[in-house]
Amino acid sequence: MNMKALYSRTHYWLVEHPTISQFEWKHGNNLGSSLLFPIVSAFIYLSLTLLAIRFSLILPTLSAATLRLITALHSLILCLLSLIMVVGCSLSVVHQMPRHDLKWVFCFPANHTLPRGPLFFWAKFFYLSKILEFVDTLLIILSSSRSRRLTFLHVYHHATVPVICYLTFSGANSMTHVGVITNASVHVIMYAYYFLCAVGKRPRWKRIVTNCQIFQFILYFVCAVATIYYHLTTEIGCSGLGALYFNMTFNTSLLLLFLDFHSKNYANNITKDREKKLLDRQK
Ligand SMILES: CC(C)(COP(=O)(O)OP(=O)(O)OC[C@H]1O[C@@H](n2cnc3c(N)ncnc32)[C@H](O)[C@@H]1OP(=O)(O)O)[C@@H](O)C(=O)NCCC(=O)NCCSC(=O)CC(=O)O
């Protein structure tokens, strides 16, 4: 198959297919389309996490090999799904962007934008994939490194992201695609890292993964400034500004937690020694 045929086939399956191109975020009509869904999901997630920590002894015990296999499979699936989301959402942006209107990339016209079409299909897909990411927490709880890895950062991130996604995407926020493409790109790298760890090939580029995560928050702020600028300087303004301010606050909290993670994990020699020992053990 030549490149052109590959492109048009990919474009059909990720943009033009009727399920994708005719997608519409109807409130309360399809899975996850009401605020109750992410709120109940977060509540169930937090309750089960607390119960699993409290009663970890009665959880099924899996052999280390089985746990590694499940962890590797789960990470591989999320890595591939993230890649599909990056490609699908990027192609959708190009497809939906009005001609000669680069401003649209940062500013969907307020009151004229409905959450529908391929871009919002991928936003919805991304949002639902956050529920699948809850499995990460279960895998951490079942692992031997639970005490180190079950952190406030992890649980806070996993519990709140579906709510943030719902609030941002359902209101046709102008930064929807920026959030989906940057976060899904980072997750391709992050789940590839996790996959390699699970199959016993711990990469040496852990710090790069954290740096990419930090970079995504900074990039989001830069793009948000462009959206706010267009909102203030155009007559119609941009769609979903309320959710944008909310998201910026949430991203600030994550940025601070990740900077803290970075300083604790990479700035001292104790951690470097631990990493080296783990790498040496796998050789
Ligand atoms: C490099 C990081 C991605 C992860 O750092 P950590 O120190 O937590 O990770 P680590 O080096 O110990 O990871 C290796 C261990 O994870 C296991 N592992 C593999 N796949 C996994 C999965 N899908 N879920 C949970 N654990 C998994 C491996 O088997 C291995 O276990 P063992 O060591 O036992 O062999 C970091 O940048 C980071 O994100 N830290 C915050 C912690 C976190 O929970 N991040 C993800 C959610 S936040 C997020 O996702 C932000 C974003 O959106 O970008």
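The values are calculated or read from the model by the stated rules, or taken from the named source; none is laboratory data. Since this is a predicted model, take the numbers as computed values, not measurements. A quick note on method: Cβ atoms are made from the backbone with ideal geometry, for glycine too, and the neighbour counts reach across all protein chains shown.
Quick notes
- Residue 153 vs. criteria more than 21 Å from residue 255 (Cα to Cα) and out of contact with any Gly (no Cβ under 9 Å at 6 or more places or on another chain): no
- Considering 154, 158, the condition of being under 12 Å from the mean Cα position of the chain (by Cα) and either on the phi > 0 side of the Ramachandran plot or within 8 Å of the ligand (Cβ to nearest atom) (or both) is satisfied by 158 alone.
Per-residue answers, yes or no, for (1) touching a Leu at 6+ places or on another chain (Cβ under 8 Å); (2) surrounded by 11 or more Cβ atoms within 10 Å (Cβ to Cβ); (3) without any contact (Cβ under 8 Å) to a residue 24 or more places away in the chain:
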{"position": "3", "(1), (2), (3)": "no, no, yes"}
{"position": "7", "(1), (2), (3)": "no, yes, yes"}
{"position": "15", "(1), (2), (3)": "yes, yes, no"}
{"position": "23", "(1), (2), (3)": "no, yes, no"}
{"position": "37", "(1), (2), (3)": "yes, yes, no"}
{"position": "52", "(1), (2), (3)": "yes, yes, no"}
{"position": "56", "(1), (2), (3)": "no, yes, no"}
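- Residue 168 within 11 Å of the ligand (Cβ to nearest atom), in a helix (DSSP H, G or I), polar (S, T, N, Q) and touching a residue at least 12 places away in the same chain (Cβ under 8 Å): no
- Flag if residue 221 is of a type in the set (Phe, Trp, Tyr), surrounded by fewer than 18 Cβ atoms within 10 Å (Cβ to Cβ) and in contact (Cβ under 8 Å) with a residue 60 or more places away in the chain: no
- Subset of segment 184-193 [within 29 Å of residue 104 (Cβ to Cβ), surrounded by fewer than 22 Cβ atoms within 10 Å (Cβ to Cβ) and in contact (Cβ under 8 Å) with a residue 40 or more places away in the chain]: 185, 188
- Subset of segment 141-151 (residues that are near the ligand (Cβ under 9 Å from one of its atoms) and touching a Ser or Thr at 6+ places or on another chain (Cβ under 9 Å)): 143, 146, 149, 150
- In segment 194-206, the qualifying residues are those that are more than 6 Å from the ligand (Cβ to nearest atom) and surrounded by 13 or more Cβ atoms within 10 Å (Cβ to Cβ), and the one that is nearest to residue 249 (Cα to Cα) is 205.
- Checked against the criterion of being under 22 Å from the mean Cα position of the chain (by Cα) and part of a loop (DSSP other than H, G, I, E, B), segment 14-23 has at least one qualifying residue.
- Listed conditions (1) crowded, with 21+ Cβ neighbours inside 10 Å; (2) in contact with a helix residue (DSSP H, G or I) (Cβ under 6 Å, 6 or more places away or on another chain); (3) within 29 Å of residue 228 (Cβ to Cβ); (4) small (Gly, Ala, Ser) are all met by residue 171, apart from (1).
Matching residues to (1) assigned to a loop (DSSP other than H, G, I, E, B); (2) at pLDDT 95 or above; (3) more than 18 Å from the chain's Cα centre (by Cα); (4) surrounded by 14 or more Cβ atoms within 10 Å (Cβ to Cβ):
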{"site": "44", "(1), (2), (3), (4)": "no, yes, yes, no"}
{"site": "60", "(1), (2), (3), (4)": "yes, no, yes, no"}
{"site": "83", "(1), (2), (3), (4)": "no, yes, no, yes"}
{"site": "86", "(1), (2), (3), (4)": "no, yes, no, yes"}
{"site": "103", "(1), (2), (3), (4)": "no, no, yes, yes"}
{"site": "114", "(1), (2), (3), (4)": "yes, no, yes, no"}
{"site": "123", "(1), (2), (3), (4)": "no, yes, no, yes"}
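- There is no residue in segment 171-191 that is of a type outside the set (Ser, Thr, Tyr), more than 13 Å from the chain's Cα centre (by Cα) and part of a helix (DSSP H, G or I).
- Considering only residues in segment 259-279 that are touching a Ser or Thr at 6+ places or on another chain (Cβ under 7 Å) and at pLDDT 95 or above, the one that is farthest from the ligand (Cβ to nearest atom) turns out to be 262.
- Any hit, segment 234-254, residues being within 13 Å of the ligand (Cβ to nearest atom) and surrounded by fewer than 16 Cβ atoms within 10 Å (Cβ to Cβ): yes
- Residue match in segment 91-104 (condition: out of contact with any Asp or Glu (no Cβ under 9 Å at 6 or more places or on another chain), of a type in the set (Gly, Ala, Ser) and closer than 30 Å to residue 257 by Cβ): no
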